[in-house]
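Just below is one structure, and these are the notes that go with it.
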Protein chains: 2
Amino acid sequence: MTYADSAGAARKPTLAVVGATGAVGTVMLGILSERKDVWGEIRLIASPRSAGKKLTVRGEQVEVVALSEEAFEGVDVAMFDVPDEVSAQWAPVAAAKGAVAVDNSGAFRMDPEVPLVVPEVNAHAARVRPRGIISNPNCTTLSMIVAMGALHAEFGLSELIVSSYQAVSGSGKEGVDTLREQIAAVAGTELGTHPGDVRRAVGGGLGPYPAPIAYNVVPFAGSLKDDGWTSEELKVRNESRKILGLPGLRVTATCVRVPVITTHSLTVHARFENEVTVAKAHEILSTAPGVVLCDNPAEGEFPTPADVVGTDPTWVGRVRRSMDDPNALELFVCGDNLRKGAALNTAQIAEVVAAELTGVS
Amino acid sequence: MTYADSAGAARKPTLAVVGATGAVGTVMLGILSERKDVWGEIRLIASPRSAGKKLTVRGEQVEVVALSEEAFEGVDVAMFDVPDEVSAQWAPVAAAKGAVAVDNSGAFRMDPEVPLVVPEVNAHAARVRPRGIISNPNCTTLSMIVAMGALHAEFGLSELIVSSYQAVSGSGKEGVDTLREQIAAVAGTELGTHPGDVRRAVGGGLGPYPAPIAYNVVPFAGSLKDDGWTSEELKVRNESRKILGLPGLRVTATCVRVPVITTHSLTVHARFENEVTVAKAHEILSTAPGVVLCDNPAEGEFPTPADVVGTDPTWVGRVRRSMDDPNALELFVCGDNLRKGAALNTAQIAEVVAAELTGVS
């Protein structure tokens, strides 16, 4: 199907950005301004209290309109970067108005009638969307899944054991503000060598965290679920399985927050059905779309959050073959949790839909 | 054998602390002042340039003497907290003078004629010391091995997959100073959201690290060895096997430095020969000597470095059974890398030897 108006001339689809004023929304407007422009109108939608604000996208000022059924009139693709409950209510409204909703909340990710898409891994899944909704994975899964998808295609993935080093911007502005305030409180002190002195220094200002995050790491992210697992750890398990189309994949995650502003890192123990070599893994990772191999530790080359932040790809380093298992690789992976981990992947999904609608591939 | 002078009266053994003026040595003098006093004379030994300094131990000023063969005259137990090459030269000298050398360097750890001892796990090994030398494990292994030893005794350990969150004091004073200086440089800024801005802010002052450590994590600790592994990762493997007496134990570690002053943390995926339950693991960990179970995430209770620093035990939380493997546990473990990870374990080994020498158990 080509996408043409009544006179037969190709037209560019209309995009709505719902949650345009939020943290991810702000990154989104920057990304939309940088990427190949496949969109006709870009409509900015937010809560009624933000209506009337003007934001810059593609170098132009655009006025924000209030979220309503009418706001989706004529929209082809609607991206949602809003809390779960807002998505749960409004993504179906957008779909009912004929838009394809691309949702970055957790509301629909495990719905069997909603595909969970990472374009480098399973772009094909975006075409089958019985509810008119496509979900974007959570940022921790997204920080490693492109690299895992590339290795899976070659070696056949059977198990992931993952530990995260998650940045505070994954908790939104409150997380970033909390770390910055705590860093200011501890800077210039001799704190950090006696029990509880960091906790005393930061006072009650723990923000969204159950313990201090400056000069500390916190082994808890998300909310508590059954058997001691956190919501974040279960997301890594369930979403990895769904994206890779491997419902029986063994996945274990332990999620830990670290005092980094932006960019999630993960250590990954990945076991495969077939024997692996570092040389072959290097070859795959150095050519896979969306992945940068950065693995020359003799020259101090490996990814770190401070070097990766603000970039689009998944960075992979410290690639080793397990000494006990010729089928297992160890890796260290970094990805910007606000870009590929949220806004960028949502934009990429929307572009996949745009290409389908316009018949351009 | 009882330990008696020529008149048959029991006497307390003489202890030498070699490297008394260093970072671990300083913690050691504090620990010796706090613990049950099993020692007669405590002699402080350091490099000639520190000779004549006075340091406080057990509430008394003691003058430091220069390292020499004569300095070991009459010494029963000599603890070494000095660089590898100094231990390699001088621990055999102390042993030749009749002292039992307890060495905290890497010089002798993998020597088959030198036991590697963690008293809660393998105190018995301290008795067989053909070279008169006993080694103390590295701090990363020590941060988790007491808990693993207790679980192994019940379930039979078969595999460890470990990721570390290592504190900068593991790199000595230079590591601590570097983190404090970098924290001062980034505090009060908006840094941390653009590629390389932390690297620019800290300038050339990376200290002992190959990348910034403030607002960052660095997936490299120690030196580069074969096949992309670091010395630190190989130590965790080789020392865990030796301490537990399991030469075939599967061990994989990825070691990552984090912006924490003191206390190493680790995520551990531990697989056992027998089926595990969280209830039984809790029972073991809550009664094992040297271990504190801190595992009630519903109440925000899990160990973090900021709360554990300055304490002696290994703290364990976030205990979960793998959803894919009834024989595997996931844990988060914290231990003060300067206390149990270095000075405390050395002091405990020395006390085991003192008990043997004096016939007190």
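Give the stretch A:283-322 a look and list any residue that's over 25 Å from B:Asp197 (Cβ atoms) and either basic (Lys, Arg) or in contact with a strand residue (DSSP E or B) (Cβ under 6 Å, 6 or more places away or on another chain) (or both), or say none.
Listed by number, the residues that qualify are A:Leu285, A:Ser286, A:Ala298, A:Val319, A:Arg320, A:Arg321, A:Ser322.
This table checks each residue for (1) at pLDDT below 95; (2) surrounded by 20 or more Cβ atoms within 10 Å (Cβ to Cβ).
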site	(1), (2)
B:Glu159	no, no
B:Ile183	yes, yes
B:Arg200	yes, no
B:Lys225	no, no
B:Arg241	no, no
B:Leu244	no, yes
B:Gly248	no, no
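Quick one: in the stretch B:241-259, which of the residues that are charged (D, E, K, R) and touching a residue at least 24 places away in the same chain (Cβ under 8 Å) is nearest to the other protein chains (Cβ to nearest Cβ)?
Looking at the filtered set, the residue picked out is B:Arg250.
Report whether or not B:Leu32 is modelled with pLDDT of 95 or more, touching a strand residue (DSSP E or B) at 6+ places or on another chain (Cβ under 7 Å), more than 22 Å from B:Gly359 (Cα to Cα) and aliphatic (A, V, I, L, M).
Criteria not met by B:Leu32.
Let's see how each residue does on (1) touching a helix residue (DSSP H, G or I) at 6+ places or on another chain (Cβ under 9 Å); (2) under 23 Å from A:Ser164 (Cα atoms):
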site: B:Asn274; (1), (2): yes, no
site: B:Val278; (1), (2): yes, yes
site: B:Gly290; (1), (2): yes, no
site: B:Asp295; (1), (2): yes, yes
site: B:Glu299; (1), (2): no, yes
site: B:Val316; (1), (2): yes, yes
site: B:Ala328; (1), (2): no, yes
site: B:Val333; (1), (2): yes, yes
site: B:Val353; (1), (2): yes, no
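What are the residue pairs meeting all of these: first residue in the stretch A:339-358, first residue closer than 12 Å to A:Asn104 by Cα and touching a residue at least 60 places away in the same chain (Cβ under 8 Å), second residue hydroxyl-bearing (Ser, Thr, Tyr) and buried (at least 21 other Cβ atoms within 10 Å of the Cβ), Cβ atoms under 7 Å, and 6 or more apart or on different chains?
If the second residue must be hydroxyl-bearing (Ser, Thr, Tyr) and buried (at least 21 other Cβ atoms within 10 Å of the Cβ), the pairs left are A:Lys340/A:Thr314; A:Gly341/A:Ser143.
Pull up the stretch B:29-45, narrow it to residues that are under 17 Å from the mean Cα position of the chain (by Cα) and more than 21 Å from B:Glu73 (Cβ to Cβ), then point me to the one that is surrounded by the fewest Cβ atoms within 10 Å (Cβ to Cβ).
Only one residue fits best here, namely B:Gly30.
Considering (1) aliphatic (A, V, I, L, M); (2) within 30 Å of B:Glu154 (Cα to Cα); (3) over 19 Å from the mean Cα position of the chain (by Cα), say which one B:Val202 fails and leave the rest.
Of (1) aliphatic (A, V, I, L, M); (2) within 30 Å of B:Glu154 (Cα to Cα); (3) over 19 Å from the mean Cα position of the chain (by Cα), only one is false for B:Val202: (2).
Identify, from the list B:Asn136, B:Asn104, B:Asn122, the residue that is in contact with a Gly (Cβ under 9 Å, 6 or more places away or on another chain) and buried (at least 20 other Cβ atoms within 10 Å of the Cβ).
Only one candidate qualifies: B:Asn104.
When you look at A:Ala125, is it under 30 Å from A:Gly207 (Cα atoms) and either within 10 Å of chain B (Cβ to nearest Cβ) or at pLDDT 95 or above (or both), yes or no?
So A:Ala125 fails the test.
Among (1) assigned to a helix (DSSP H, G or I); (2) away from chain A (no Cβ under 12 Å); (3) not acidic (Asp, Glu), there is one condition B:Asn238 misses while meeting the rest; what is its number?
That leaves (2) as the condition not met.
I want to confirm something. Restricting to the stretch A:215-235 and keeping residues that are outside any loop (DSSP other than H, G, I, E, B) and either among the aliphatic types (A, V, I, L, M) or more than 9 Å from chain B (Cβ to nearest Cβ) (or both), which single residue is nearest to B:Glu190 (Cα to Cα)?
The selected residue is A:Val218.
Pairs under 7 Å by beta carbon, first residue in contact (Cβ under 8 Å) with a residue 60 or more places away in the chain in the stretch A:50-79, partner part of a loop (DSSP other than H, G, I, E, B) and polar (S, T, N, Q), six or more apart or different chains?
A:Gly74/A:Thr14; A:Val75/A:Thr14; A:Asp76/A:Thr14
Which numbered condition trips up A:His194, out of (1) free of Cβ contacts under 8 Å to residues at least 12 places away in the same chain; (2) within 30 Å of B:Ala270 (Cβ to Cβ)?
So A:His194 meets the others, but not (2).
Could you tell me whether A:Pro212 is under 21 Å from the mean Cα position of the chain (by Cα), within 24 Å of B:Val333 (Cα to Cα), at pLDDT 90 or above and buried (at least 24 other Cβ atoms within 10 Å of the Cβ)?
Considered against the rule, which asks whether it is under 21 Å from the mean Cα position of the chain (by Cα), within 24 Å of B:Val333 (Cα to Cα), at pLDDT 90 or above and buried (at least 24 other Cβ atoms within 10 Å of the Cβ), A:Pro212 comes out as no.
With the requirement that a residue be facing chain B (nearest Cβ under 7 Å), hydrophobic (A, V, I, L, M, F, W, C) and under 18 Å from the mean Cα position of the chain (by Cα), what does the stretch A:309-334 give you?
A:Val309, A:Phe332
Regarding the stretch B:53-60, can at least one residue be identified that is at pLDDT 95 or above, within 18 Å of B:Val100 (Cβ to Cβ) and surrounded by 13 or more Cβ atoms within 10 Å (Cβ to Cβ)?
No: the stretch B:53-60 contains no residue that is at pLDDT 95 or above, within 18 Å of B:Val100 (Cβ to Cβ) and surrounded by 13 or more Cβ atoms within 10 Å (Cβ to Cβ).
Do we find that B:Thr263 is crowded, with 24+ Cβ neighbours inside 10 Å and within 19 Å of B:Lys340 (Cα to Cα) in this structure?
yes
Out of all the residues in the stretch B:302-316, which are surrounded by fewer than 23 Cβ atoms within 10 Å (Cβ to Cβ) and on the phi < 0 side of the Ramachandran plot?
B:Asp307, B:Thr311, B:Asp312
Suppose the filter is more than 10 Å from chain A (Cβ to nearest Cβ), buried (at least 18 other Cβ atoms within 10 Å of the Cβ) and at positive phi; does B:Gly175 pass it?
Judged against the criteria, B:Gly175 is not a match.
Would you confirm, using the coordinates I've provided, whether B:Gly290 is surrounded by 15 or more Cβ atoms within 10 Å (Cβ to Cβ) and under 30 Å from A:Gly228 (Cβ atoms)?
Judged against the criteria, B:Gly290 is a match.
Residue by residue through the stretch B:275-334, note down the ones that are of a type in the set (S, T, N, Q) and at pLDDT 95 or above.
Scanning the stretch B:275-334 gives B:Thr277, B:Ser286, B:Thr287, B:Asn296, B:Thr304, B:Thr314, B:Ser322, B:Asn327.
Restricting to the stretch A:259-291, name every residue that is more than 26 Å from B:Thr304 (Cα to Cα), under 17 Å from the mean Cα position of the chain (by Cα) and β-branched (Val, Ile, Thr).
Passing the criteria: only A:Val291.
Hey, A:Gly205 hits all of (1) modelled with pLDDT under 95; (2) within 12 Å of chain B (Cβ to nearest Cβ); (3) surrounded by fewer than 24 Cβ atoms within 10 Å (Cβ to Cβ); (4) part of a loop (DSSP other than H, G, I, E, B) but one; which does it fall short on?
All conditions are met except number (2).
The values are calculated or read from the model by the stated rules, or taken from the named source; none is laboratory data. Remember, predicted model here, so these are calculated numbers, not experimental data. Here the Cβ is made from the backbone with ideal geometry for all residues, glycine too, and neighbour counts use every protein chain on show.
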